[in-house]
Every structure is written in structure tokens, then in C-alpha cells.
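J.: Dropping the structure in here first, questions after.
Coordinate-derived values only; no laboratory data. Not measured: the values here are computed from a predicted model. Backbone-built Cβ (ideal geometry, glycine too); neighbour counts: all protein chains shown.
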Amino acid sequence: MKTLRSFDLNLLPILQDLLYTHNTTHTARNLGLTQPAISHALGRLRGHFKDDLLVKSGKNLEPTPFALSIVSDLEHVLKQAQDISFKQKSFDPKTSDYKFYLGMPEYMAFYAMPIITDYLKKQAPQCAAFVSNFNRTINFDQIFDNKTGLILGNFSNQNDFPACDLYDETFICLFRKGTRKKALTKKQYLEAQHIRVGMSAFKPSIIDENLASFGKSRHIAISVPYYVLGYHLAQKRPDYILTAPKRLSLSFAKQFNLDWCPYPFSIQPQKIRMIWHPKYESDPAHQWLRTGLREAFL
């Protein structure tokens, strides 16, 4: 059984030109080859198709019925080959309906998605964003096996995936408006009752790990997995303090009628990053989105 590997595709442009010029000398000039090379190529084509293809008629060559029957197919195939060969990756945000699949933790989504949706609405109105909830312990190899193209958040286990920093996140303390002074000493902080936010009730949060580095611990009155629930509880209980990311919290403090003050202990800012799979490195749509998000989060 013959396969495409047994045929030299470079012969097809020669055949196409011969069917146009009906002359080996003219085809040789058009293609920058010698006349003997064209004659040799025609011989190979005749052998492959088991047809004379072009026969001598005076000074020119006349195509056989079989040759005439493949003219349109030959033009179609070569046009497609040319289109593929010179096809360029492109992305026009004004007209594209590209679907971006993003991943981020719950707290990051509440802060980031209003920014992302505003950006898409203004710059790429027909594009869409689909978000999955990933926490800090995700396995990046498994996540990038699906459609997810970009992950945002505070991740330290990114392995060798390409990434860039978006911003540094710090922490603030939040409490019901009017219940405390807008400053807390370390002593006051440690003596207060706290709402702890963490994906697991059995593992220390970033704040607890930070306090442990000073040989301190806080009294946790309640532990919940979501910051928004923490804001709700802080508003309901005047004796509770919630320690949460500053950028996210400032967008919720007014909504939940909360005051805030700086976290009284020294803590290393958390790096909020964009991480993506190498297969999206040169994708024009993702390049456009990553560039836009870097500017939007400044």
C-alpha cells in the first residue's frame, strides 16, 4: 500500500507550473531550475501517476485527460499547503471569542475577577473567562493537563513552570466598625479572639506560621475556609478580629461595615504570581492577557 511518504511533494509545484506553461523551459525559468531537472521531475511524475500527464505537441506539451482532471485538486492542495506554511499565529481582542481558562484560590478570585472582567469587557468584549478554584497545595502537573492556561495566586510549589510576579500582598486586621481603635499592639492582638481562615482546620495558616516564628500563638475562636465568610463573621461579632490580605479586604471593608488596622507583627509580603504552562508561552491570546493583567494589577 502506497503512502504519502513514498511521494516527493516537491514535484507538485513543478507539475502545476507545467500544466500552466506547457513548456519545460518556461517552467524551469519560473521555478529557478534547469530544463533537465524539470524533464527529470516530469519523468518521475509520469512514473508515479502511471500517465504521460503532458505529451509533445509541436513546440509545447499538451496535458492528458488525467492531467486535466487533477488541475483543480492540485491547485487546492498547493494553496492549502502555502496557507499552512505561512500561517501566522494571531489574536485580535476586538473580534476574538477566545475562552480563557483560569485557576485561582477563592480569596484571589474575589479580588482579581472584577479587575479581569472589566479588562476583558473593555479590551476583548467577546472573550470569556472560566475560573476554577485551586488552593496553594495544587499539583501543577495535574492542573495543566486540562484546559487551564493561567493560574493566579500565592504559590511556592510551581516547579519549573514559567511565571511572573503581579504584586506583593500584605495583611491587615479587620473588625466591626467602631469597636476598636484603628491600631493594635502586639499584646492586644494576641489577647483577642480571632477568626482564622484556612483551607484546612488542621493545618496552620500563613498568619499562624508567622506568629510561630516569633514564638507566639493567637486564640482562634473560629476557623473557616473562606475570607468572605470571615468578613461576615467579623461584622456579626464585635469581639472577633480577622487577619486577611489587604488588597482583597479593602474592597470588602465598606461592604461589611468593617474598620481595619495594620497587622502588628512583621511578616514577609506574599508574592502573588501568574503561572502558566510552557505550551501557552507563545500563544498570542495568552501573551495578550498576561501583558494586560500585569498592567491592570499595578
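J.: With 18 Å as the limit, write out which pairs from 216/236; 99/122; 246/271; 94/122; 94/147; 177/203 have Cα-Cα distances beyond it, or answer none.
T.: The answer is 216/236; 94/147; 177/203.
J.: If each DSSP helix of 4+ residues adds -39,500 (n - 2.57) and the sum is divided by the residues in the chain, what number results at 222 nm, nearest 500 deg cm²/dmol? Walk me through the numbers before you get to the answer.
T.: Working: 12 runs with 121 residues, N = 298.
Counting only the DSSP helices, I get -12000 deg cm²/dmol.
J.: So, one more: Scan around residue 222 for amide H atoms under 5 Å from its own, H built in the peptide plane at 1.01 Å from N, and keep only partners 5 or more places away or cross-chain.
T.: For residue 222, the qualifying residues are 194, 196.
J.: Same structure, new question: Quick one: work out the % antiparallel among DSSP beta bridges in the chain, nearest 5.
T.: Once the DSSP bridges in the chain are tallied, antiparallel ones form about 60 percent.
J.: How many percent of the alpha carbon pairs in the range 171-268 exceed a separation of 19 Å?
T.: 33 percent
J.: I need the Kirkwood Rh of the range 173-212: take the reciprocal of the average 1/r across all distinct C-alpha pairs and report it in angstrom.
T.: When all Cα pairs of the range 173-212 are included, the Kirkwood radius is 11.8 Å.
J.: Among residues other than residue 223 whose Cβ falls under 13 Å from its Cβ, what is the net charge (Lys/Arg +1, Asp/Glu -1)?
T.: +2
J.: So for each of 129-135, 198-204, 21-27 I average, over its residues, the number of other beta carbons within 10 Å; can you give me the resulting order with the highest mean first?
T.: Put in order of decreasing packing, that is 21-27, 129-135, 198-204.
J.: Over the range 4-85, with a single point scatterer placed on each C-alpha, what log10 of the ratio I(q)/I(0) does the Debye formula yield at q = 0.21 1/Å?
T.: Cα-only, vacuum Debye calculation for the range 4-85: -1.02.
J.: Still on this structure: Take residue 46 and residue 203, extend 7 Å from each Cα along the Cα→Cβ direction, and tell me the distance between the two endpoints in nm.
T.: About 7.5 nm, to one decimal.
J.: Can you pull the three principal axis extents for the Cα set of the chain, in Å, largest first?
T.: That works out to 107, 36, 29 Å along the principal axes.
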